[in-house]
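*Asks:* One structure coming up, written as structure tokens, with questions to follow.
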Ligand SMILES: [Zn+2]
């Protein structure tokens, strides 16, 4: 982050008047935010909440990537898109939304598919933060490897049923995604999920957007990630969280149990579960085993 040469225009000063009035938010914090270049994977429901917060807060630049076009069934939760944009790319739809909400934020939106062959030419290794809202763990795995390789802070966030989860990771200082979610390569699992329609509530999306971007703000102010994992549930009725719990690594299950949390296919407690994270020494992406493989 290189913010010292930046300043706020009179329009920006007026736009951000209320947040600049907060005791824990200084002009320096606003300028740090203005200097920030954020790359967002996916322009769907989770990204709607995250992008909205970043636009309102006044981030400097958002680069967003999604291969899809807007469909009617997106519109119950993907609120940055609208009925006039059905059939156009989510990338184009985002540009219109962002320009109307906060023209001070630079938007670079691309309609692209991220896979093993495109990740290196598509993602900018100089970006300040990658925010991963992809709904498929196989894609997240590719993005995680890129973030670990280039030591880029990596904020992952998502929604499952009436619950949400988020963690801000920064390898090698923290675990990587693979330390926590190590089972996304299974072809049988992928096949099962590709044929499913996931139940997604709209309410946890807003909560996820708030908790995840609060982690980004903490990082902006301190230069460090908190190394915490958040899992929030809005109701104490039984929630189907197989899409989340099936992918958990043995290491993550172990550190969860040590902190009194048991994961299963259903979740029926209400409120926030917070876990302290640690690296998996055997992680094949960020752990010691990657060096052993090279020898
Ligand atoms: Zn790892």
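*Asks:* What is the extension gain from residue 261 to residue 79, computed as 0.36 nm multiplied by their sequence separation minus the C-alpha to C-alpha distance, in nm to one decimal?
*Replies:* 62.2 nm
*Asks:* Please state, rounded to one decimal and in Å, the Kirkwood hydrodynamic radius that the stretch 1-157 gives when every pair of distinct Cα atoms enters the mean of 1/r.
*Replies:* 16.3 Å is the Kirkwood radius here.
*Asks:* Using all C-alpha to C-alpha distances in the chain, build P(r) with 10 Å bins and read off the rounded percent in each one.
*Replies:* Histogramming the chain at 10 Å steps yields 6, 27, 37, 23, 6, 0 percent.
*Asks:* A further question on this structure: Multiply the residue gap between residue 19 and residue 117 by 0.36 nm, knock off their C-alpha separation, and tell me the result in nm, one decimal place.
*Replies:* So the extension gain works out to 31.1 nm.
*Asks:* Taking every DSSP beta bridge that has both residues in the chain, what percent is antiparallel when rounded to the nearest 5?
*Replies:* 50
*Asks:* In addition: Could you please tell me the mean projected area of the C-alpha convex hull for the stretch 200-272, averaged over all directions and given in square nanometres to one decimal?
*Replies:* 5.5
*Asks:* Given the peptides 36-43, 150-157, arrange them by the average over their residues of other C-beta atoms within 10 Å, most packed first.
*Replies:* 36-43, 150-157
*Asks:* Output the 0 to 90 degree angle, nearest 10, between the alpha-carbon long axis of helix 90-101 and the longest principal axis computed from the alpha carbons of the chain.
*Replies:* Between the helix axis and the principal axis of the chain, the angle is about 40 degrees.
*Asks:* Separate question: With n ≥ 4 as the cut-off for DSSP H runs, can you work out [θ] at 222 nm for the chain, using -39500 (n - 2.57) per run divided by the number of residues, rounded to the nearest 500?
*Replies:* -10500 deg cm²/dmol
*Asks:* Let me ask something else about it. Stokes-Einstein D for the stretch 101-166 at 37 °C, 0.692 mPa s, Kirkwood Rh over Cα pairs, in µm²/s?
*Replies:* Diffusion coefficient, whole number: 246 µm²/s.
*Asks:* Can I ask one more? So what is the relative contact order for the stretch 10-294, in percent, with contacts set as C-alpha pairs under 8 Å and at least six apart?
*Replies:* 16
*Asks:* Right, another one. Expected output is a single nm value to one decimal: the length gained when fully extending between residue 106 and residue 2, i.e. 0.36 nm times separation in residues minus the C-alpha distance. What is it?
*Replies:* 35.8 nm
*Asks:* In degrees from 0 to 90, rounded to the nearest 10, what is the angle of the helix 45-57 Cα long axis to the longest principal axis of the chain?
*Replies:* It works out to around 40 degrees.
*Asks:* Also, quick follow-up: Report, in degrees rounded to the nearest 10, the 0 to 90 angle that the Cα long axis of helix 137-150 makes with the longest principal axis of the chain.
*Replies:* The two axes meet at around 70 degrees.
Read-outs: derived from the displayed coordinates by stated rules, not from any lab. For clarity, every value in this text was computed on a predicted model and none was experimentally measured. Every residue, glycine among them, receives a Cβ derived from its backbone with ideal geometry; neighbour counts consider all protein chains shown.
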